[in-house]
Amino acid sequence: MGAKEPALRVAMLPRDTNAHGTIFGGVILSHIDLAAGLAAHRHASRNFVTKAMREVEFIAPVRVGDVVSFYASVVREGRTSLAVRVEVEAERFGAPGQHVKVTEAEVIFVAIDNNGRPVPIR
């Protein structure tokens with residue numbers, strides 16, 4: 001993963017932690033959605049809404065100070081929807097070059113018009 005350019009890179013801050021001192025899963029999910037949305041928009045300059053997020057399983061914790069990279073790529077395109085795969089890794093704070101896979105997910109988007117109705121992507 002490290003050789004690719006991430007769609008999003010974020011340093012994790014104390015405000016994002018739970019009582020155990022690790023980053024809330026919901027914070028990571030929010031960034032997954034954002035990174036996937038950026039990839040969808042780059043793929044087709046349309047308005048998209050998130051329909052589903054699939055296959056999210058946390059493999060390793062994220063800690064304060066970790067720099068988390070979100071690698072996103074479109075894996076399927078339908079008539080009105082896109083599937084974007086997002087791989088997430090953390091570079092450990094205080095251990096430059098140590099990268100840990102955190103999770104991955106597939107995010108499904110639907111292209112919409114100004115009234116919120118599905119429209120063809122192309």
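For a quick check of your reading of the model, give me the residue pairs whose first member lies in region 108-122 and is under 10 Å from residue 47 (Cβ atoms) and at pLDDT 95 or above, whose second is of a type in the set (Asp, Glu) and part of a loop (DSSP other than H, G, I, E, B), with beta-carbon atoms closer than 7 Å and at least 6 apart or on different chains.
Qualifying pairs under 7 Å: 119/113.
Please tell me if residue 72 is out of contact with any Gly (no Cβ under 7 Å at 6 or more places or on another chain), within 17 Å of residue 104 (Cα to Cα) and surrounded by 13 or more Cβ atoms within 10 Å (Cβ to Cβ). Break it down stepwise before answering.
Details: out of contact with any Gly (no Cβ under 7 Å at 6 or more places or on another chain): yes; within 17 Å of residue 104 (Cα to Cα): yes; surrounded by 13 or more Cβ atoms within 10 Å (Cβ to Cβ): yes.
Yes; evaluated as a whole, the condition is true for this residue.
Kindly check whether there is at least one residue in region 14-33 that is of a type in the set (Lys, Arg), in contact (Cβ under 8 Å) with a residue 12 or more places away in the chain and not in a loop (DSSP other than H, G, I, E, B). It would help to see each step written out before you state the result.
Start the filter on region 14-33 by keeping residues that are of a type in the set (Lys, Arg), which leaves 15.
Within this subset, residues satisfying the condition of being in contact (Cβ under 8 Å) with a residue 12 or more places away in the chain are none.
Scanning region 14-33, I find no residue that is of a type in the set (Lys, Arg), in contact (Cβ under 8 Å) with a residue 12 or more places away in the chain and not in a loop (DSSP other than H, G, I, E, B), so the answer is no.
Going through region 1-26 one residue at a time, which ones are among the aliphatic types (A, V, I, L, M) and farther than 28 Å from residue 80 by Cα?
So in region 1-26, the residues among the aliphatic types (A, V, I, L, M) come out as 1, 3, 7-8, 10-13, 19, 23.
Result: 1, 3, 10, 11, 12, 13, 19, 23.
Residues 76, 92, 63: which one is charged (D, E, K, R) and without any contact (Cβ under 8 Å) to a residue 24 or more places away in the chain? Break it down into steps so the answer makes sense when it comes.
Values: 92 fails: without any contact (Cβ under 8 Å) to a residue 24 or more places away in the chain; 63 fails: without any contact (Cβ under 8 Å) to a residue 24 or more places away in the chain.
Testing whether each residue is charged (D, E, K, R) and without any contact (Cβ under 8 Å) to a residue 24 or more places away in the chain leaves just 76.
Considering only residues that are of a type in the set (Gly, Ala, Ser) and in a loop (DSSP other than H, G, I, E, B), which ones fall in region 60-85?
Within region 60-85, the subset of a type in the set (Gly, Ala, Ser) is 60, 65, 69, 72-73, 78, 81, 83.
60, 65, 78, listed by residue number.
Is it the case that residue 109 is touching a Gly at 6+ places or on another chain (Cβ under 8 Å), in a strand (DSSP E or B), among the aromatic types (Phe, Trp, Tyr) and crowded, with 18+ Cβ neighbours inside 10 Å? Let's see the steps before the verdict.
Details: touching a Gly at 6+ places or on another chain (Cβ under 8 Å): yes; in a strand (DSSP E or B): yes; among the aromatic types (Phe, Trp, Tyr): yes; crowded, with 18+ Cβ neighbours inside 10 Å: yes.
For residue 109, the condition - touching a Gly at 6+ places or on another chain (Cβ under 8 Å), in a strand (DSSP E or B), among the aromatic types (Phe, Trp, Tyr) and crowded, with 18+ Cβ neighbours inside 10 Å - is met.
Go through region 34-46 residue by residue and tally those that are part of a helix (DSSP H, G or I) and over 15 Å from residue 76 (Cα atoms). Steps first, answer last, please.
Applying the first criterion (part of a helix (DSSP H, G or I)) to region 34-46 yields 34-43.
Still in the list and also over 15 Å from residue 76 (Cα atoms): 34-35, 38.
Count: 3.
Starting from residues that are surrounded by fewer than 12 Cβ atoms within 10 Å (Cβ to Cβ) and modelled with pLDDT of 95 or more, keep the ones in region 76-97 and report whichever is farthest from residue 37 (Cα to Cα). Before you say what the answer is, go through the steps one by one.
Taking region 76-97 and keeping what is surrounded by fewer than 12 Cβ atoms within 10 Å (Cβ to Cβ), we get 76, 79, 94-97.
When the remaining residues are screened for being modelled with pLDDT of 95 or more, the result is 76, 79.
On the way: 76: 14, 79: 17 Å.
Filtering first and then ranking leaves 79.
Among (1) in contact with a helix residue (DSSP H, G or I) (Cβ under 8 Å, 6 or more places away or on another chain); (2) of a type outside the set (Gly, Ala, Ser); (3) farther than 23 Å from residue 100 by Cα; (4) surrounded by fewer than 17 Cβ atoms within 10 Å (Cβ to Cβ), there is one condition residue 58 misses while meeting the rest; what is its number?
It is condition (3) that residue 58 fails.
The values are calculated or read from the model by the stated rules, or taken from the named source; none is laboratory data. Please read all numbers here as calculations on a predicted model, not as lab measurements. Note that we place each Cβ from the backbone using ideal geometry, even for glycine, and neighbour counts take in every protein chain shown.
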